[in-house]
1. Tell me the residue from ARG172, ARG159, ARG154 that is more than 12 Å from the ligand (Cβ to nearest atom) and either within 17 Å of the chain's Cα centre (by Cα) or in a helix (DSSP H, G or I) (or both), please.
2. Checking ASP230 against (1) acidic (Asp, Glu); (2) within 17 Å of VAL381 (Cβ to Cβ); (3) away from the ligand (no atom under 12 Å from the Cβ): exactly one of these is not met. Which one?
3. Is there a residue being crowded, with 22+ Cβ neighbours inside 10 Å, within 13 Å of the ligand (Cβ to nearest atom) and either of a type in the set (Phe, Trp, Tyr) or under 13 Å from VAL249 (Cα atoms) (or both) anywhere in segment 188-204?
4. Collect the residues in segment 224-236 that are over 17 Å from PHE279 (Cβ atoms) and crowded, with 24+ Cβ neighbours inside 10 Å, keeping them in residue-number order.
5. If I filter segment 141-156 for residues that are acidic (Asp, Glu) and surrounded by fewer than 20 Cβ atoms within 10 Å (Cβ to Cβ), do I get at least one hit?
6. Residues to consider are GLN180, GLN146; find the one that is in contact (Cβ under 8 Å) with a residue 24 or more places away in the chain, closer than 20 Å to ASN389 by Cβ and in contact with a helix residue (DSSP H, G or I) (Cβ under 6 Å, 6 or more places away or on another chain).
7. Return a yes/no flag: does segment 407-418 have any residue that is part of a helix (DSSP H, G or I), basic (Lys, Arg) and within 16 Å of the ligand (Cβ to nearest atom).
8. If you check ALA208, ALA234, which single one turns out to be in contact (Cβ under 8 Å) with a residue 24 or more places away in the chain and touching a strand residue (DSSP E or B) at 6+ places or on another chain (Cβ under 8 Å)?
Amino acid sequence: MSEYVERVYKHVVEKNPAQPEFHQAVKEVLESLTPVFERNPGYEKQKVLERITEPERVIMFRVPWVDDNGEIQVNRGMRVQFNSAIGPYKGGLRFHPSVNLGIIKFLGFEQIFKNSLTGLSMGGGKGGSDFDPKGKSDNEVMRFCQSFMTELYRHIGGRVDVPAGDIGVGGREIGYLYGQWKKITKRFEPVLTGKSLEYGGSLIRPEATGYGATYFALEMLKTRNEDFKDKLVAISGSGNVAQHATEKVNQLGGKVVTLSDSSGFIFDPDGVTGKKYEFFIELKQVRRGRIKEYAEEFGVEYYAGERPWKVAAEHGVKIAMPCATQNELNAEEAKALVDGGLIAISEGANMPSTLEATEIFLENKVLFGPGKAANAGGVAVSGLEMAQNFSFTAWDSQTVDQKLHQIMINIHKAAYQAAEEYGHPGNYVMGANIAGFKKVAEAMIAQGHW
Ligand code: NDP
């Protein structure tokens, strides 16, 4: 780290105590930017780092709702509007008991650079609540969403701030949130993305993050004359991102041997394909069941309370796609994967690898696609959903998929070239951070001191 970068990082840590995930995300980005500051001393004078690490606005609010037993429940809601230099704040909402300000700030900070990489006009933001949708009735989820939006509506708008889904927020939650927003405002505009097709959603939005992470992996593999064909692939998670990554990997000829949830993981040596894939989708999308049921149905191994990486490594998995949550792959697991012959990792989730794990992948020349590049397909298609809404049109799935694919190719190219230009060829972490940062920094400087 340069003296300037180190000074800003120390300041961020001191000023934001008890936010370890935010510190981690800032550290990863700032470390990558050292060569940029060496070449552009003007950025330091403009205090770009001091400004970019401080959210433009943080909104925190009470979310009271009544459960099915008539009891009042109280959750905390929040929205971090991190940076609007290149467009309206854009980023998902996460409903999970672990949600706190540090986690939402890490996600919002990452989102700034990710959105910049898509080439679309979107600033960075993120929000959520410590509400746990798991085990709640549809009516409870609806009452919670209505209460959440009754406060959030004041702060968002199609040209101001456009939330979307994330962990615990899928089509059902977006529908309830949008219904309440429209009831209050009586407007139609893309104030939320990830909507259903009937009221302004885009084809391929549910698929976009998983497909995009797979397209990104393919681009990385191509640089070594490799592809997915007949390769074993370890995926973690079993939610939106994991489901569509599995589908796309299958289409490209890879074999997905693991899936997980917060209770454990399954190992299926023959791959999650055909009827088994259909069962998996029905299990998660219709019945909202647990991944353990897949093992029970097909008689494959289930490892309770464990993560998939070590078993994947023992079986010589070549490609890993962590698609569950932050810090779900540590140094020990990274080492095992490298020793097992891993060639590529494409992060469907946000910051799933710890800093130490990332270091191990980079040192061992594993093709490492960081989340802010690899999973940018989701927000990219959200941007396309907004474009369709603003022009009162709807594109067919082939058109959206082609645009998504091209955006992922462009992101890969931008990250690849920035890494080369700044003397770290093949390092997509540096490349993505530098390419994403420079556009936002230039926009901030052009717009004066704010
Ligand atoms: P979902 O809620 O659909 O699925 C999340 C999956 O991860 C579930 O299988 C869940 O298991 C598992 N999971 C969640 N928390 C934990 C935990 N603490 N430990 C172990 N497993 C956990 O979310 P998404 O698929 O949408 O999101 C997954 C990741 O992808 C997140 O990091 C998200 O930020 C990122 N992402 C998502 C985008 C999108 O478009 N949806 C866009 C870009 C990034 P369980 O059911 O047991 O909780």
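The values are calculated or read from the model by the stated rules, or taken from the named source; none is laboratory data. As the structure is a computational prediction, the values presented were derived from the model and not from experiment. Cβ placement follows ideal geometry from the backbone for every residue including glycine, while neighbour counts extend to all protein chains displayed.
1. Only one candidate passes the filter, namely ARG154.
2. (2)
3. For segment 188-204, residues crowded, with 22+ Cβ neighbours inside 10 Å, within 13 Å of the ligand (Cβ to nearest atom) and either of a type in the set (Phe, Trp, Tyr) or under 13 Å from VAL249 (Cα atoms) (or both): absent.
4. Correct list: VAL233, ALA234, SER236.
5. Yes, the conditions are met somewhere in segment 141-156.
6. Residue meeting the stated conditions: GLN180.
7. no
8. ALA234
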